[in-house]
Structure formats: C-alpha cells, structure tokens
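This report refers to the structure that appears directly beneath it.
The values are calculated or read from the model by the stated rules, or taken from the named source; none is laboratory data. Remember, predicted model here, so these are calculated numbers, not experimental data. Using ideal geometry, Cβ is built from the backbone for each residue, glycine included, and neighbour counts are taken over all protein chains shown. Surface areas here come from the heavy atoms of the whole protein model, side chains and all, with no ligands, DNA or RNA. Shrake-Rupley method; radii C 1.70, N 1.55, O 1.52, S 1.80 Å.
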Amino acid sequence: CLLAGQYLTRYYDAAEARTWLELADGCFQFQAKASKPNEDCNGYQWLTLYHMMTYALARPDLTLFENGSARLSADFAILCMDNLGYSVTYGDTGAYVGWWSEMPFLMGAAWYYRDPRYAWALEKKQAVSGRVSMGEYNCLPTVEAAAGSGLKPPADLLGTKAWPLDPYYYKTFGGPQVQSLEQSVDKVVFRNGFDPQDQYLLLDGLSNGGHKHLDGNSISRWSEKGRIW
C-alpha cells in the first residue's frame, strides 16, 4: 500500500492511492512509538521491525529513529545474541542458529546512527552466517571510518542485564491487570564477555505475544567454552 500509494500519487494523482497511504500510515505510525512489536519470537519480530524501518525510510517518517525506538531494538538484538553470534531462539523459531532476520534491521541501525557497536555485531554475525541479502548494501566501512580506532564489542551490554518490558507491549497483553510495569521483565541476560569461550545465559520473562511459546521463566540459551549447552 505504501509503495504503490507513493508511486501513483506522485505520477498519476490517483484518489485511491491516497487511501492506500492513509492505510500505511495507520499501520505503522503507532508502531514507531514502540521498540517491540506484538511478537515475542527472535525470528518473526525482526521481520516486523524491518517492515517498520522500511516504512520509516521510504515514507519518509524518521520517528522510529529520532525517538530512540530503533536504537532500543538494535541493542536488544545484541543482548539476545549469544557469544557465538547466534540469536537465541525463544518463541516460535526453528534452527538453533536463528533466522538471521535481525541482520537487515541492524544494518539500517548502523547506517542511521553510525554506531560501531552495531557494525561490530554485524561483522560477528556475518562471520558465522555467511549471509548478505540481495538489495542490502554494506555500510560497515562507513561506520568503521566513523569509529576511528576500529570496531569494539558493546561493553555496556556486559554483566547482568534485566531488559525492561516495552510499555505498549505491556498494555497490549493486559499487563496492568497482572502486575506493575516495574515488576515486569522481557529478558534477563548474564554475560561476562563476548568471546565464544565466555559465559552467556538468557532467561525469558514472557509467555505471551504473537508466535509465542510458553517459555516464560525458562533458560532459552546457555553457551560457554565455544559451544551451546
């Protein structure tokens, strides 16, 4: 609806195309306020968020980037990556290595924010996935140049991190009827380094959302000594 609406209003002034743009705006403008979609699945959620990012850049409507939602989502992608470079497969996800669906989103975040943390994560993931999708372009050299001294892992995501639940997600799934937002948690991650030999553990805090599994309060991933346990 967005792309057809843009094309047909620009070149043909088609009345129905303006309706399509209104539909696209209604679909995406609310989601731009949140860093998490209605998914709790480390596969589908990145498809949703990359659709959101595509809308933001194509419309253009940079709210997603300017309000920090895209940065929070990109940090969350790194948080939920084990020390081998794989996304932890919580929710309705398949192979233990994940889908790599987070990579286009991280690419967009690295390009917009010029944040070497995201470029570092992409390099680590590309080394084990070997995947670069058609239509993507490599922004890593630009980010590396901006970083100056090279790409380094995000030290701010080391240690024990209790990731807070997005307020809109919390309200969508009836959180206020259960407990306070302050008592709610999305994921808890323990990490003492980013080397494959280091320790990583992810504890899931949710059993709801689209494409859910009933994996709340379970250990979704423990990796250490170069392997998944």
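Helix 44-58 and the longest principal axis of the C-alpha atoms of the chain enclose an angle of approximately 40°. Kirkwood radius and radius of gyration were both taken over the C-alpha atoms of segment 1-103, and their ratio Rg/Rh is 1.08. Here the accessible area is traced with a 1.4 Å probe on the protein chains. For segment 48-103, carbon and sulfur cover 56 percent of it. Measuring nothing but how far apart in sequence close Cα pairs (under 8 Å, 6+ apart) lie, relative to its length, the chain scores a relative contact order of 19 percent. Straight-line reach from Lys187: taking Cα to Cα under 20 Å and skipping same-chain neighbours fewer than 8 places apart, the aspartates and glutamates in range are Glu39, Asp40, Asp75, Asp82, Asp92, Glu102, Asp156, Asp166, Asp198, Asp204, Asp215, Glu224. In the context of the full set of protein chains, segment 170-229 has a per residue accessible area of 59 Å² (1.4 Å probe).
Would you please classify the overall shape of the chain from the alpha carbon gyration tensor, given that a ≥ b ≥ c denote the square roots of the eigenvalues, rounded means a/c under 1.5, and beyond that prolate means a/b larger than b/c while oblate covers the rest? Cα axes put the chain in the oblate bin.
For segment 146-200 versus segment 1-66, the inter-centroid distance based on Cα atoms is 26 Å.
The angle between the Cα long axis of helix 116-129 and the main principal axis of the chain comes to about 80°, on a 0 to 90 degree scale.
Neighbours of Leu181, meaning other residues whose beta-carbon lies under 15 angstrom from its beta-carbon, give a summed charge of -1 when Lys and Arg score +1 and Asp and Glu score -1. With the Cα gyration tensor of segment 166-213 giving a ≥ b ≥ c as the square roots of its eigenvalues, does the rule (a/c under 1.5 for rounded; else a/b larger than b/c for prolate; else oblate) give rounded, prolate or oblate? In terms of gyration-tensor shape, prolate.
Dividing the summed -39500 (n - 2.57) terms of all DSSP H runs of n ≥ 4 by the residue count of the chain sets its mean residue ellipticity at 222 nm at -12000 deg cm²/dmol. Cross-link partners for Lys124 among the lysines, with Cα-Cα distance under 19 Å and sequence neighbours closer than 8 places in the same chain left out: Lys152, Lys225. Compared with the dominant principal axis of the Cα atoms in the chain, helix 15-28 is inclined by about 20°.
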